[in-house]
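The values are calculated or read from the model by the stated rules, or taken from the named source; none is laboratory data. Only a predicted model underlies this, so the values are computations on that prediction, with no experimental measurement involved. Glycine also receives a Cβ, built like all others from the backbone with ideal geometry; neighbour counts cover every protein chain displayed.
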Amino acid sequence: MKRAFSPKETHHFHITIDQDICGGDPIIKGTRTSVAAIAGYYLMGLSPEEIQRELPHLKLAQIFDALAFYLDHRETIDRKLARDREEAVSKEFPAGKY
């Protein structure tokens with residue numbers, strides 16, 4: 001299966017993609033915090049400042065860059081978020097269990 005992102009695509013100072021870290025998902029450089037995690041908070045309605053309060057190890061510039069990357073690649077990251085939600089629900093409520 002072809003990966004959605006490659007390291008050469010990233011033109012964001014605080015974002016990196018490494019196939020050996022978090023399965024090749026875009027992350028904040030120097031952390032294991034994914035752009036998808038930041039996008040999840042954003043989609044819940046949190047402001048960048050509120051996201052920083054939830055993830056105090058990140059600088060505000062890193063959060064803004066993650067949001068910019070998310071908005072540049074929204075369709076791909078939204079699909080990943082949807083897949084992750086489906087996996088979480090299917091683990092919590094397996095077919096035939098209820």
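Every residue in segment 62-83 that is exposed (fewer than 13 other Cβ atoms within 10 Å of the Cβ) and basic (Lys, Arg), please.
Arg74, Arg79, Arg83
Examine segment 47-63 for a residue that is without any contact (Cβ under 8 Å) to a residue 60 or more places away in the chain, out of contact with any strand residue (DSSP E or B) (no Cβ under 9 Å at 6 or more places or on another chain), farther than 20 Å from Arg32 by Cα and of a type outside the set (Val, Ile, Thr), and state whether such a residue exists.
Checking segment 47-63: at least one residue is without any contact (Cβ under 8 Å) to a residue 60 or more places away in the chain, out of contact with any strand residue (DSSP E or B) (no Cβ under 9 Å at 6 or more places or on another chain), farther than 20 Å from Arg32 by Cα and of a type outside the set (Val, Ile, Thr).
Can you confirm whether segment 44-61 contains a residue that is crowded, with 16+ Cβ neighbours inside 10 Å, at pLDDT 95 or above and not aliphatic (A, V, I, L, M)?
yes
Identify all residues within segment 74-98 that are more than 16 Å from Thr33 (Cβ to Cβ) and at pLDDT 85 or above; write none if there are none. Steps first, answer last, please.
Just the residues of segment 74-98 that are more than 16 Å from Thr33 (Cβ to Cβ), to begin with: 74-76, 78-79, 82-83, 85-98.
Result: Arg74, Glu75, Thr76, Asp78, Arg79, Ala82, Arg83.
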